[in-house]
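**Q** One structure coming up, written as structure tokens, with questions to follow.
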Amino acid sequence: MLHGPKQTQRRAKQLRRQMTLPEILLWQALQQRPAGLRFRKQHPAGEYVLDFFCPRFKLAVEVDGEAHGRGDRPERDAARDAWVLGQGVRTLRIPATEVMRDLEAVVRHIVVTAHGDYPSTGCAGPPPPPGEE
């Protein structure tokens, strides 16, 4: 399982108290253990803190606000995702706007991705609801 040094553990603890609204809403949904999935919130992984982590399926879920598309953030996110992948963990990036717009679709997408039935790279959000594909 992924772990982080004490400094990262302290940062993760602080981030748990400062979650954004989309992170809070998604955490509330993930606490219901959709399809039996168990997640950890703000999980330390090396020098990084993963928004949500499912150890069983080795899946990290990152909720990305608009700042993730600015400046050097895309490059930093890519380096982070590469490091996490090197640890055997896939990263699923979900735009915060999608969490706010359709939380149920986001949760369905996470479940499908965890089970390996949908690609987790280059994701721009959840798949369309059934019948709208």
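**Q** Taking Thr20 as the residue in question, decide whether it is at pLDDT below 85 and more than 19 Å from Arg90 (Cα to Cα). Give the steps one after another, and end with the answer.
**A** Working: at pLDDT below 85: no; more than 19 Å from Arg90 (Cα to Cα): yes.
When the stated conditions are applied, Thr20 does not pass them.
**Q** Can I ask one more? Take the residues of the stretch 25-59 that are of a type in the set (Gly, Ala, Ser) and closer than 13 Å to Ile110 by Cβ: which is nearest to the chain's Cα centre (by Cα)? Walk me through how you get there before you give the answer.
**A** Applying the first criterion (of a type in the set (Gly, Ala, Ser)) to the stretch 25-59 yields 29, 35-36, 45-46.
Still in the running and closer than 13 Å to Ile110 by Cβ: 29, 35-36.
Details: Ala29: 13, Ala35: 17, Gly36: 17 Å.
Ranking the candidates gives Ala29 first.
**Q** Could you list all residues from the stretch 72-115 that are in contact (Cβ under 8 Å) with a residue 12 or more places away in the chain and among the small types (Gly, Ala, Ser)?
**A** Passing the criteria: Gly88, Ala96, Ala105, Ala114.
The values are calculated or read from the model by the stated rules, or taken from the named source; none is laboratory data. All figures in this text were calculated on a predicted structure; none of them were measured in a lab. Neighbour counts run over all protein chains shown; Cβ positions are idealised from the backbone, glycine included.
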